[in-house]
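To start, the structure itself, in structure tokens.
Here, each number is a calculation from the coordinates, and none is a lab measurement. Given the structure is predicted, the values throughout are model-derived calculations rather than measurements. No Cβ is skipped: glycine too gets one built from the backbone with ideal geometry, and neighbour counts run over all protein chains shown.
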Amino acid sequence: MKTIIFTVTFLICLNTIQAQSKPLDNKIKEDLKEQLQVLFMKDQLFRKLYLQAEEKFGKESEEMEYFWEVVEKQDKLLEKEVSAIIDAYGWLGISDVGRLGNTTLWAVLQHGSIAAKQKYAPLLKASVLKKESQAIHYARLIDRMLINSNKPQLYGTQFNYDTKGDPFFLPVKHPEYINKRRKELGLTSIEDFAKSKNLIWTTPQKL
């Protein structure tokens, strides 16, 4: 019963968002493309500076605490802007606003709230299935949402580093089926992903 209720609720929400989508002409697409490029710059600016700031002030310093407070406030503002765009026009694909504009929607949500991830993840997946968005973005969005909710990830995109600086996977749900889930999205195997990140994967896979 819970599954049926969730499915019906999801379909209602999805149809509501899609029904509100405004038509896109070339002028609107270009305006949105420029707007999203600016949002991407704002989203990435502080994240490109934090290592330098940590080196100068120290990771646990008051200065870095303030640094991340500023980032958090900006993330909330960017989330509102991106949410307004998606609510108005739907999930904008690569053919609508280019690869960078499309990436901006994901990047801002990736740094945003769990609620926003839950709300827009179905639209991102639908875009992925139409080849209008990148599968890795959906996988990372879902995995980040789950890890932030203290739940195991599904696609193995999230990892951390131990005290020696060696990377390790954060918990994965039913790890023996991870390649099956990754293949459904069009992702490479978990073994290939692990190799590219200097990670170790040992769980045998089931079909």
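Does region 88-207 come out rounded, prolate or oblate by the C-alpha gyration tensor, with a ≥ b ≥ c the root eigenvalues, rounded set by a/c under 1.5 and, if not, prolate when a/b is larger than b/c and oblate if not? Prolate, because a/c is 1.5 or more and a/b exceeds b/c. 3J(HN,Hα) along region 30-46: 5, 5, 5, 4, 5, 4, 5, 4, 5, 4, 5, 4, 5, 5, 8, 3, 5 Hz, from the Karplus curve 6.51 cos²θ - 1.76 cosθ + 1.60 with θ = phi - 60°, whole Hz, x for Gly and Pro. Here the 3J(HN,Hα) profile of region 62-77, calculated from phi with Karplus coefficients 6.51, -1.76 and 1.60 at θ = phi - 60°, is 5, 4, 6, 4, 5, 3, 6, 5, 5, 4, 4, 5, 5, 4, 5, 5 Hz, Gly and Pro shown as x.
Could you list TYR177, TYR138 in order of exposure, starting from the residue whose Cβ has the fewest other Cβ atoms within 10 Å? Display every interim value, and only then the final one.
Numbers: TYR177 15, TYR138 24.
By the 10 Å Cβ count, ascending, the order reads TYR177, TYR138.
The alpha carbons of the chain stretch over 52, 49, 32 Å along the principal axes, in descending order.
Backbone phi angles across region 128-134, fed through the Karplus curve with coefficients 6.51, -1.76 and 1.60 (θ = phi - 60°), yield HN-Hα couplings of 4, 5, 8, 6, 9, 9, 8 Hz in residue order; Gly and Pro are listed as x. Amide H to amide H distances under 5 Å link GLN153 with VAL172, LYS173, where only residues 5 or more positions off or on other chains count and H is placed in the peptide plane. For region 25-119, the relative contact order is 42 percent, taking Cα pairs closer than 8 Å that sit 6 or more residues apart in sequence and dividing their mean separation by the residue count.
What is the fewest-to-most order of TYR120, TYR155 by other Cβ atoms lying within 10 Å of their Cβ? Present the calculation step by step, with values, prior to reporting the outcome.
Values: TYR120 22, TYR155 25.
The fewest-first ordering by Cβ neighbours comes to TYR120, TYR155.
Neighbour counting of Cβ atoms within 10 Å sorts the residues ARG182, ARG140, ARG47, fewest neighbours leading, into ARG47, ARG140, ARG182. Annotation: amide H-H contacts under 5 Å for PHE159 (H modelled 1.01 Å from N, sequence separation of 5 or more, or interchain): LEU170. The calculated Kirkwood hydrodynamic radius for region 25-119 is 14.3 Å, given to one decimal from all distinct C-alpha pairs.
In this simple spin-label model, placing a label point 7 Å from the Cα along the Cα-to-Cβ direction at both ALA88 and LYS73 gives a separation of 2.5 nm. Rounded to the nearest 0.05, the FRET efficiency derived from the C-beta distance between LYS27 and MET64 at R0 = 35 Å is 0.25.
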